Amino acid sequence: MRTRRRTRAGQYAALLAYLVFLAFPFLWLVSTAFKPPRELGSLHPTWIPRNPTLDNFRQAFDEQPLLDAALNSLVAALGAAVIAVLIATPMAYVMARHRTRLAKAATGWVVVSQAFPFVLVIIPLFLVLKNLRLINSVPGLVMVYVVWALPFALWMLVGYVRAVPAEMEEAAAVDGAGKVRTLVSITAPLLAPGIVATALFAFISAWNEFFFALVLLKTPEKQTLPVVLTHFLGAEGVADLGPLAAAAFLATLPSLLVFALIQKRITGGMLAGAVKS
Amino acid sequence: MRTRWLTALVAGLLFAAASGCSGDGGGSEDGRITLRFQSLAWQKESVDANKELVREWNAAHPDIHVEYVQGSWDSVHDQLLTSFEGGEAPDIIHDASDDLADFAYGGYLADLRGLLSERLKSDIPQRSWETTTFGDGVYGVPFLQEPRVLIANAEWLEKSGVRIPTPEKPWSWGEFRTITDELSDGDGKYGVAWPLKEPVSATLNLSLSTGGQLFHRGADGKVRIRFDEADAVVPRTIHDQVNTDASAPGSTLGSGGSDTLPGFFGGKYAMVPLGFSYRQQIVQQAPKGFDWQVLPAPAGADGLAQGVSPQTLSVAQDSPHKKEAAAFVDFLLQPRNMVRLALGDWMLPTGTEALRDPALRTDEHGWAVGAGLAGRLRSAPAQSVRGYPEWKDKVATPAFQEYYSGAIGVGELRKRLVEDGNLVLARYQR
């Protein structure tokens, strides 16, 4: 009994240590965002700023078009998430329910495509988008993000579809429901948490993406947040640390908000994906 | 039916691709030219200075509109490479001279020799032009540069009674080692802290003062590496400060310049070798009452000579308006404008006329010391050596890091830099 209690205490301690480890960068970022320059250069840094200031936020907004960049990021990330899910869901359904050779080959290709480095595809992609007059346009960037998110979204969704028992669809068919009715009324609600989790994945990866946005967006008014954040960095890694931390803190907020709002659905989605019929 | 849809879709895409091939070349129907100027300015004063200059140009030149585009140092090489390949590069490009070689040899940058005014050509010294000369062409205008200096805790130095060096009477490397030893107490206080996250360029650039060249171009035009006694002075000084005298902490060897500032302000280190522009961070972050000063880096057999890779302005080879772009560069680098840019970036201008400006000769914040060093700045030794980036990353960086931390001796350092290094360079010079 005592051994079990000790084991449990150890588990909690490990969990707590892990949570602290995960939270550390974010908490330090928040702390830095509110510190004046002299505290940033202190040999004995403190968690709580001694003289908290909003100057870093003011400076960040003064120097860079953060709101425009946030809006661009939001449009790109939401667009990518919605379109990726709309395309991936029916594809995933087909791949999960009809295990043909083609579906297997497609799955293999999806996995392999994840191994392509960005630099390998960026120049051909750039040329294609240029010819389509989609350089320096957020819709062009959305297209790239959709293509980039699709393989993994598809892979995730196939797992979720497989977790929905095919017997339920068969039972609905026996009860007289047509294919569309079965998909809309039976499969879709069960698949919803998985779709939300997949959309969230696509959203976060597009929200944080830097390289494509850097190369494809030319003018300041089109740039996204990750690109604008690098404008606080100088040569050889020198940084305007206060405003950078303030801007980075603001950039993390939407992801946190989205997570907080749909946390329950994600958990449900993950569990659904984990269960095999 | 399905096939017909597919055919229509493919045809549509091909049409769109074909129609997208024609660009407008930066011109417009009313004859107004638009030039894109990608700047890497990042500090507020510097961005403001650049934007103001663009505004002034646009006000004075209604027919040639310059559009300011913000770039970033962190990713400029990849971003430019893609833009060049895609034919979408900005007309006027801000970069550093050590990043230009590949672009120049790749034919992406315009040769500026016939485009620049005589005033600009003669205002910038030949030693600065050498940093942007590749083969027969000149592919950028060097306009801002920074020497590595010693930022010192003035109170500490004054109390210790050591001789304070000036550009006229600098410390020798031997004297520097003795002084840092004297300033250390062996109990957590060090005479110097070396931030050597990027050990290669720091070592090579400082080694010019002792006559170190490392890269030697032979009669056949090929570059070979030699590590002579002159090349060993600076590395050996640093190595001995860390490993023999304990006058420099080993813990900062992997740090960037900014990382050492808290220890400097906290009184752990008497001096930190940093780029001249770090003064801006020091002004911002130093605790109230902290007394600091700028000292020249130590001198060797070749005096205060030091390697630099200046910031540059180039014109894209694909730009349809090279003459206008060069005119804008000329405007941006008028002496009074060069001073504004230099003050904004806390760096030194390359232009002789700008360098004479009283604002850059003041004792405040060590400007005068920097200006006193300007005449000794040379092209960084590895500037135009093809294969240098690979040698630096794969061979030299780990070798210097291990040497400075005491893991290997100077013999092994020499062996790796020379033997492994020449194998790397040979691949680029076949």
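The values are calculated or read from the model by the stated rules, or taken from the named source; none is laboratory data. Quick caveat, the model's predicted, so the values are computed rather than measured. So basically every Cβ, Gly included, is an ideal-geometry build from the backbone, and we count neighbours across all protein chains shown. Ligands, DNA and RNA are stripped out before the accessible areas are found, and what is left, the full protein with its side chains, is counted by its heavy atoms. Shrake-Rupley method; radii C 1.70, N 1.55, O 1.52, S 1.80 Å.
Under 4 °C and 1.567 mPa s, how fast does chain B diffuse according to Stokes-Einstein, given a Kirkwood radius computed over C-alpha pairs? Answer in µm²/s, whole number.
55
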Checklist outcome for this item: Note: A vs B interface, total accessible area buried (1.4 Å probe; ligands, DNA, RNA excluded), nearest 100 Å², is 3300
Checklist outcome for this item: Expected integer from the mean partner chain Cβ neighbour count at 10 Å over B:38-44 is 4
Checklist outcome for this item: Close lysine pairs (chain A; alpha-carbon distance under 30 Å; 8 or more apart or on separate chains) counted at 7
Item to check | Restricting segment A:1-102 to trypsin sites (Lys or Arg not before Pro) in coil, as DSSP defines it, with at most 13 other Cβ within 10 Å | outcome: A:R50, A:R99
Item to check | Acute angle (nearest 10 degrees) that the helix B:76-85 long axis makes with the longest principal axis of chain B, alpha-carbon atoms | outcome: 30
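Let me know the whole percent of all Cα-Cα pairs from the protein assembly as shown that are separated by more than 41 Å.
Working: 102312 of 249571 pairs.
Tail of P(r) above 41 Å: 41 percent of Cα pairs.
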Checklist entry - If you take all C-alpha pairs in segment A:1-80, what percent of them are over 16 Å apart? => result 70
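Run the numbers for A:T219 and A:V111: contour at 0.36 nm per residue of separation, minus the present Cα-Cα distance, in nm. Walk me through the numbers before you get to the answer.
On the way: separation 108, 0.36 × 108 = 38.88 nm, distance 3.44 nm.
Computed gain between A:T219 and A:V111 is 35.4 nm.
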Checklist entry - Counting only Cα, what are the radius of gyration and maximum Cα-Cα distance Dmax of segment A:76-210, in Å? => result 16.9, 54
Checklist entry - From the residues B:F215, B:G114, A:L233, which one has its Cα farthest along the dipole of the protein assembly as shown in the positive direction, the dipole being from +1 and -1 charges on Cβ of Lys/Arg and Asp/Glu about the Cα centre? => result A:L233
Item to check | Listed residue (B:W57, B:A407, A:L261) projecting farthest to the positive dipole end of the protein assembly as shown, Cβ model | outcome: A:L261
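Quick one: putting +1 on the C-beta of Lys and Arg, -1 on the C-beta of Asp and Glu, what dipole do you get for segment A:198-268 around its Cα centre, in Debye to the nearest 20? Intermediate results must be reported in sequence, preceding the final value.
Numbers: 4 positive and 4 negative charges, 75 e Å.
Value, rounded to 20: 360 debye.
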Item to check | Buried on assembly, segment A:15-51 (at least 30 Å² less accessible surface than by itself, 1.4 Å probe) | outcome: A:P37, A:R38, A:G41, A:L43
Item to check | aspartates and glutamates whose Cα lies under 12 Å from that of B:K392, excluding same-chain neighbours fewer than 8 positions away | outcome: B:E198, B:D420
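Go through B:K222/B:K415; B:K51/B:K268; B:K44/B:K323 and tell me which ones have a Cα-Cα distance over 28 Å in this structure. Write out the running numbers ahead of the final one.
Values: B:K222/B:K415 20 Å; B:K51/B:K268 40 Å; B:K44/B:K323 30 Å.
Long pairs (Cα-Cα over 28 Å): B:K51/B:K268; B:K44/B:K323.
If I take R0 = 30 Å and measure r between the Cβ atoms of B:T244 and B:K394 in this structure, what FRET efficiency does the formula 1/(1 + (r/R0)^6) give, to the nearest 0.05?
Values: r = 29 Å, r/R0 = 0.95.
Efficiency computed from Cβ-Cβ geometry: 0.55.
Which translational diffusion coefficient, to the nearest whole µm²/s, is obtained for segment B:69-179 from the Stokes-Einstein equation, given a Kirkwood hydrodynamic radius over C-alpha pairs, 37 °C and 0.692 mPa s?
On the way: Rh = 17.5 Å.
Taking Rh from Cα pairs, D becomes 187 µm²/s.
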Next on the checklist: For segment B:211-286, what are Rg and Dmax over the alpha carbons, in angstrom?
Outcome noted: 17.1, 53
Item to check | Buried on assembly, segment B:75-124 (at least 40 Å² less accessible surface than by itself, 1.4 Å probe) | outcome: B:S75, B:Q79, B:T82, B:E85, B:G86, B:E88
Checklist outcome for this item: Taking protein heavy atoms only, a 1.4 Å probe, and rounding to whole percent, the accessible area of the protein assembly as shown owed to carbon and sulfur comes out at 60
Checklist entry - For B:K169, which lysines qualify as cross-link partners when the Cα separation must be under 25 Å and same-chain residues fewer than eight apart are set aside? => result B:K159
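What accessible area per residue comes out for segment B:184-278, rounded to a whole number of Å², with a 1.4 Å probe? Let's see the in-between values first.
Details: 3180 Å² over 95 residues.
In whole numbers, segment B:184-278 has 33 Å² accessible per residue.
Taking each residue in A:124-133, count the Cβ atoms of any other chain within 10 Å of its Cβ, then average. What number comes out? Each step should come with its number before you reach the end.
Details: counts 2, 2, 6, 8, 4, 4, 7, 9, 5, 6.
What the average comes to for A:124-133 is 5.
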Checklist entry - In whole Å, what three semi-axes, largest first, describe the equivalent ellipsoid of segment B:122-181 built from its Cα gyration tensor (square root of 5 times each eigenvalue)? => result 37, 12, 10
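Return the calculated 222 nm mean residue ellipticity for the protein assembly as shown, to the nearest 500 deg cm²/dmol, obtained by summing -39500 (n - 2.57) across DSSP H runs with n ≥ 4 and dividing by the residue count. Spell out each step's value before the answer.
Values: 32 runs with 379 residues, N = 707.
The per-residue figure over the protein assembly as shown is -16500 deg cm²/dmol.
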Checklist outcome for this item: Over segment A:120-268, with neighbouring protein chains present, the accessible area per residue in Å² at probe 1.4 Å is 43
Checklist entry - How far is it, in nm, from the label point at B:K44 to the one at A:A260 when both lie 7 Å from their Cα along the line to the Cβ? => result 2.9
Checklist entry - Any idea what diffusion coefficient segment B:132-245 gets from Stokes-Einstein, in µm²/s, Kirkwood Rh on alpha carbon pairs, 25 °C, 0.890 mPa s? => result 146
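Shape verdict for chain A, please, from the Cα gyration tensor: rounded (a/c under 1.5), prolate (a/b greater than b/c) or oblate. Show your work: numbers first, answer last.
Details: a/c = 2.45, a/b = 1.37, b/c = 1.79.
Judged from the Cα gyration tensor, chain A comes out oblate (a/c at least 1.5, b/c at or above a/b).
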